[in-house]
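Single-structure report; data block below.
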Amino acid sequence: MSIFKQSFPEFVQRQIALREKLIGAGTTLETNLKGDSILTRRTKSRTTPSTSLNGTSITIDAGLSYNYLFNKQCAIRMTSMADYVENVGLDIGINNEDGTRSNSKFASLKGGTLAQNFILQGGVLSDFARNIKGERRPKRVTTPRDSFPRPGQKTSLSYGDGGIVSDATSDGYGIVPMPGIIDANIRTKSAYGSLREAKINFACHNQRQLEVLEMLYMRPGYMVLLEWGWSPYVGNDGKLVNEFKTVEDVISSNVLFSTKVTQQDVFRTIDKLKETSSGNYDGMLGFVKNFGYKARSDGGFDCFTELISVGEVLDSLKTGVNNKLVFDDLSEDTRQTVSG
């Protein structure tokens, strides 16, 4: 029970009512010729009416209950908000056709480009961003990653992609898979859930991948954006939604991976995505508070990072106008001190 006496938002209440109808009308228990119990979809009616909070009727398309019960999957995405500002000699390159190796220079990965190349999900997004003449230029590939290197295909690979340090070098590891998230555990802390805490388990497959992920996700105090949700899901309009929108889809990558983005921009975007997804999306912006990794027998590493974030209650508090005026009157050095 919350001391703030706040009920669920209307879009959450609508989603709960809709899910009750989906579960209640989705499947029925039948018996086949062999006497075994099987689950089949109801086919007596093409649609199932569902009543919303306002008394209006929502028509659920046939087959949506099956998608809700059996096809939905949990999507987890982790994005580092850290900038690569000091050259530490990371070995990230591409193997050329003649067997030589082209290592990426620090200038081509400086700033948010390195973080954009290592957005973790069940693997790594098919991006190949580089800084060219001081401008970040990502090459977003919407199709699934290819399998192994072949002539003319050096990036957007599941195995051996030099852009995500999965290629074979003299370190003796050979071609390895891309790194990726295994699972995540998100929970609220304190008596009234004013803080959120998350533990994310992920894997990498050679020491060079570990060096990159350690820089981005395993340093206390670094900021990380964690997002999760259902895909596909049934929206409050009774339609099946197959896309999983993230903060990067609302805030362009040119802003998200730059110094232009603010915490409030991310918080507002997360709140907007919660509502537009009918409560099937959630996210948090947290600080790394703990991390760890251990070596595996195959040469890879099992890693984890723990995040702590301001929770739902404090995120929603608004500062007064007078506070803003006073803050604007401060000097630049004092603003940075107050902002932390």
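The values are calculated or read from the model by the stated rules, or taken from the named source; none is laboratory data. The structure presented is a predicted model; accordingly, all values stated were derived computationally and were not measured. Cβ sites come from the backbone with ideal geometry, for glycine too, and all protein chains shown count toward neighbours. All accessible areas refer to the heavy atoms of the entire protein, side chains included, with ligands and DNA or RNA removed. Shrake-Rupley method; radii C 1.70, N 1.55, O 1.52, S 1.80 Å.
Details
- Tally of residues being open to solvent by less than 70 Å² (accessible area, probe 1.4 Å), under 21 Å from residue 252 (Cα atoms) and among the charged types (D, E, K, R) across segment 123-156: 3
- Pick from segment 170-189, criterion assigned to a loop (DSSP other than H, G, I, E, B) and open to solvent by 30 Å² or more (accessible area, probe 1.4 Å), ranking: nearest to residue 77 (Cα to Cα): 178
- Annotation note: of 146, 183, the sole residue that is within 25 Å of residue 244 (Cα to Cα) and without any contact (Cβ under 8 Å) to a residue 24 or more places away in the chain is 146.
- Positions within segment 218-251 being within 13 Å of the chain's Cα centre (by Cα), open to solvent by 10 Å² or more (accessible area, probe 1.4 Å) and either without any contact (Cβ under 8 Å) to a residue 12 or more places away in the chain or more than 18 Å from residue 280 (Cβ to Cβ) (or both), in sequence order: 249
- Residues in segment 148-206 that are over 23 Å from residue 105 (Cα atoms) and among the aliphatic types (A, V, I, L, M): 181, 182, 184, 186, 191, 195, 198, 200, 203.
- So residue 285, is it closer than 26 Å to residue 304 by Cα, out of contact with any Lys or Arg (no Cβ under 6 Å at 6 or more places or on another chain), in a strand (DSSP E or B) and touching a residue at least 60 places away in the same chain (Cβ under 8 Å): yes
- Candidate set from segment 198-208 (those that are open to solvent by less than 10 Å² (accessible area, probe 1.4 Å) and at pLDDT 95 or above); member that is farthest from residue 123 (Cα to Cα): 198
- Total residues in segment 118-143 satisfying the condition of being free of Cβ contacts under 8 Å to residues at least 12 places away in the same chain, charged (D, E, K, R) and in a loop (DSSP other than H, G, I, E, B): the figure is 1.
- In the set (1) in a loop (DSSP other than H, G, I, E, B); (2) open to solvent by less than 60 Å² (accessible area, probe 1.4 Å); (3) in contact (Cβ under 8 Å) with a residue 40 or more places away in the chain, residue 192 fails one condition alone, (2).
- Of all the listed residues (212, 176), the sole one being touching a helix residue (DSSP H, G or I) at 6+ places or on another chain (Cβ under 9 Å), of a type in the set (A, V, I, L, M), modelled with pLDDT of 85 or more and farther than 27 Å from residue 309 by Cβ is 176.
- Flag if residue 167 is surrounded by fewer than 14 Cβ atoms within 10 Å (Cβ to Cβ) and either charged (D, E, K, R) or assigned to a loop (DSSP other than H, G, I, E, B) (or both): no
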